[in-house]
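What follows is a single structure, written as structure tokens, with notes after it.
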């Protein structure tokens, strides 16, 4: 869409005034007139639908006015983001403060994260791999790739490492919220939540690259806002997310504009609008600066630890105390076969209590032994399964290191679920990436029979959240 002409600019200013007065019926009418059949209109309809729904919940006494304020701020965020994108012709600029202080050094950006961790009271050392490991495998792997020789080039592949570091952190925040919703007694029906569970391939091809393309285009930002809506009256496992979302949806905040920048240029990469030309080096510097700002804002994740519980066995003799031996793998830090004896799981014996076997758990605290010793209190951990799984616990062959996959959608008809490996790269134009791996979970898995149980769990957990069949 081209930059707006003066009459269009006047209309955009008028729509902003309507948003400020919460007159969203008029906002939608004005946007229909402005956009016509443009795809942006669907987004406007979605946001006004959310507005009417939260107003209905207020009238029915289901949420308080104070609780509804967060949701209404999120709706304003979506609409104001849409207006700015229209106004800027589809290209979003980096906030001025960040643009005046670009991080151009391709190595020292980790130092900024170190300083943020120190400010939050986290003990770190000077090794970059030890600093970024606090974000966990789902994010850490792309930060590591940014530090490689390939990741420091002025190429679209290097640019994609940054976009996927951001996408993975956004997805991780969504998973934490969704994990609470999946285990809660209430099963809310929501179009974006149902769309996430029913997420399907954009193409009929069975090769791995099409699976990643479909998941890569999912709107996790809207899912993050919806998750905050649905957890309004719930004690959150990671309470910092609520404050983060509140700042994110404040149209006057730097985080608001930074998020728009990160989202917009990732979309441009997906639609092949970014070229490897003389403009790319500066864009890479800008995106690195925005990403580091985002990561500093999400540094509260350093206070949590993700762990795979592979097996739990009972160690007990008559007349002694029951002890449960947990075989676990930490999902922080880079596993490197060259510097390991080939085993990346550890044993810990715990008296009288146990966690969930075959699960990926998120613990409060960043020292795993202390976390496991406190598992008698179920409020100290949250199961991220089945959103995140350790494929090695379902494998027919015994493996000695975790193999982490995240949920990547289903096939039409829902007879098969799919997971993408945590370190898969974004498929750009060209041949499929052989390193990308996808795990398919069917009702009957002849090569990996243990996946049959996972399929049943997925049907049970996801079923209540699916949209009714038409």
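The helices (runs of 4 or more DSSP H) found entirely in the range 192-259 that carry 2 or more residues being closer than 27 Å to residue 440 by Cβ and at pLDDT 85 or above are 220-230. Scanning the range 407-417 for residues that are surrounded by fewer than 20 Cβ atoms within 10 Å (Cβ to Cβ) and touching a helix residue (DSSP H, G or I) at 6+ places or on another chain (Cβ under 9 Å) yields a count of 2. Scanning the range 349-372 for residues that are over 26 Å from the mean Cα position of the chain (by Cα) and exposed (fewer than 15 other Cβ atoms within 10 Å of the Cβ) yields a total of 5.
Every condition in (1) on the phi < 0 side of the Ramachandran plot; (2) at pLDDT below 90 holds for residue 445 except the one numbered (2). Do we have residue 437 as over 20 Å from residue 306 (Cβ atoms) and surrounded by fewer than 20 Cβ atoms within 10 Å (Cβ to Cβ) here? No: the conditions fail for residue 437. Highlighted here are the helices (runs of 4 or more DSSP H) found entirely within the range 1-115 that include at least 3 residues which are modelled with pLDDT of 70 or more and crowded, with 18+ Cβ neighbours inside 10 Å: 6-20, 24-35, 40-59, 65-87. Of all the numbered requirements in (1) more than 21 Å from the chain's Cα centre (by Cα); (2) surrounded by 13 or more Cβ atoms within 10 Å (Cβ to Cβ); (3) at pLDDT 85 or above, residue 404 misses one, and that requirement is (1).
Of all residues in the range 411-460, those that are outside any helix (DSSP H, G or I) and within 23 Å of the chain's Cα centre (by Cα) total 23.
Among the residues making up the range 269-282, those that are assigned to a helix (DSSP H, G or I) and under 23 Å from the mean Cα position of the chain (by Cα) are 269, 270.
With respect to residue 332, determine if the residue is more than 24 Å from residue 451 (Cα to Cα), at pLDDT 80 or above and in contact with a strand residue (DSSP E or B) (Cβ under 7 Å, 6 or more places away or on another chain). Yes.
(1) modelled with pLDDT of 90 or more; (2) surrounded by fewer than 15 Cβ atoms within 10 Å (Cβ to Cβ): which one isn't true of residue 284, the others all being true? Answer for residue 284: the failing condition is (2). Kindly indicate whether any position in the range 162-184 is without any contact (Cβ under 8 Å) to a residue 24 or more places away in the chain and either farther than 25 Å from residue 243 by Cβ or in contact with a strand residue (DSSP E or B) (Cβ under 8 Å, 6 or more places away or on another chain) (or both). Looking through the range 162-184, none of the residues is without any contact (Cβ under 8 Å) to a residue 24 or more places away in the chain and either farther than 25 Å from residue 243 by Cβ or in contact with a strand residue (DSSP E or B) (Cβ under 8 Å, 6 or more places away or on another chain) (or both).
Residue 233 fulfils the conditions (1) under 20 Å from the mean Cα position of the chain (by Cα); (2) farther than 30 Å from residue 154 by Cβ except for a single criterion, (1). Every condition in (1) modelled with pLDDT of 95 or more; (2) over 16 Å from residue 139 (Cβ atoms) is met by residue 368 except one, and the failing one is (1).
The values are calculated or read from the model by the stated rules, or taken from the named source; none is laboratory data. Predicted, not measured: the structure shown is a model, and the values here were computed from it. All Cβ positions, even for glycine, are placed from backbone atoms using ideal geometry, and neighbour counts span all protein chains on display.
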